[in-house]
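The structure appears below as structure tokens.
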């Protein structure tokens, strides 16, 4: 499977047919609104975001992504990149 930018992946998701699961590696919450819009319009789409961990109250990157968890339910999953650090070199 080819590696794509976040924008390319989101654009491709709009043409997906059937069950589709995207995994996005992100170090900020810039994609939060796009994720929300895609999941609301594509009920068979699931998105997992591997993000940098929340560190301080001024680090809003994970706060924006964490807010989607309550809004989007089972279609959306947010995980810390630290959970996979032993699997990648």
Quick one: in region 1-19, which of the residues that are surrounded by 14 or more Cβ atoms within 10 Å (Cβ to Cβ) and closer than 15 Å to residue 76 by Cα is modelled with the lowest pLDDT? 10
Looking only at region 33-59, filter to residues that are more than 20 Å from residue 75 (Cβ to Cβ) and in contact with a helix residue (DSSP H, G or I) (Cβ under 7 Å, 6 or more places away or on another chain); which one of those is modelled with the lowest pLDDT? 54
Against the condition within 14 Å of the chain's Cα centre (by Cα), surrounded by 12 or more Cβ atoms within 10 Å (Cβ to Cβ) and not in a helix (DSSP H, G or I), how does residue 22 come out, does it pass? yes
Which numbered condition residue 30 fails, given (1) closer than 16 Å to residue 6 by Cα; (2) outside any loop (DSSP other than H, G, I, E, B); (3) at pLDDT below 90: (2)
Looking at (1) farther than 23 Å from residue 3 by Cβ; (2) modelled with pLDDT under 85; (3) in a helix (DSSP H, G or I), which is the one condition that is false for residue 82? (1)
Inside region 23-41, the number of residues satisfying the requirement of being over 24 Å from residue 82 (Cα atoms) and touching a strand residue (DSSP E or B) at 6+ places or on another chain (Cβ under 8 Å) is 2
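The values are calculated or read from the model by the stated rules, or taken from the named source; none is laboratory data. These figures come from a predicted structure and were not determined experimentally. Ideal geometry is used to build each Cβ from the backbone, glycine not excepted, and the neighbour counts take in all protein chains shown.
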